[in-house]
Amino acid sequence: MLIKKIPKELKEGIISNIQQYFSEERDEPIGNLAAEQLLDFIMNQTAPIIYNQALNDARTVIQQQFTSLEEEIYALHAKM
């Protein structure tokens, strides 16, 4: 699955967050290029998994709503 490019401003913010994390949590600096490469790696490894889980979650919600709708329609029909 190809990942669409994220907006430049958003990507820059994430890179900045990665640099801040490395500085605060690991007490080591990380440059822009290294942070961007880390972001790209993480996105390529995790985005398909997260995307598929989001689709599964959406499918579950839609199925629950459809079941509820069927029950409501059946309740209306039974009253006649």
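The values are calculated or read from the model by the stated rules, or taken from the named source; none is laboratory data. These numbers come from a predicted model, not from an experiment. Cβ sites come from the backbone with ideal geometry, for glycine too, and all protein chains shown count toward neighbours. Keep in mind that these areas ignore ligands, DNA and RNA; they rest on the heavy atoms of the full protein, side chains included. Shrake-Rupley method; radii C 1.70, N 1.55, O 1.52, S 1.80 Å.
List of remarks:
- Residue pairs meeting the criteria (Cβ under 7 Å; at least 6 apart or on separate chains; first closer than 18 Å to GLU12 by Cα and open to solvent by 60 Å² or more (accessible area, probe 1.4 Å), in region 30-57; second of a type in the set (D, E, K, R) and outside any helix (DSSP H, G or I)): none
- Scanning region 41-80 for residues being of a type in the set (D, E, K, R) and either outside any helix (DSSP H, G or I) or modelled with pLDDT of 95 or more (or both) gives a total of 3.
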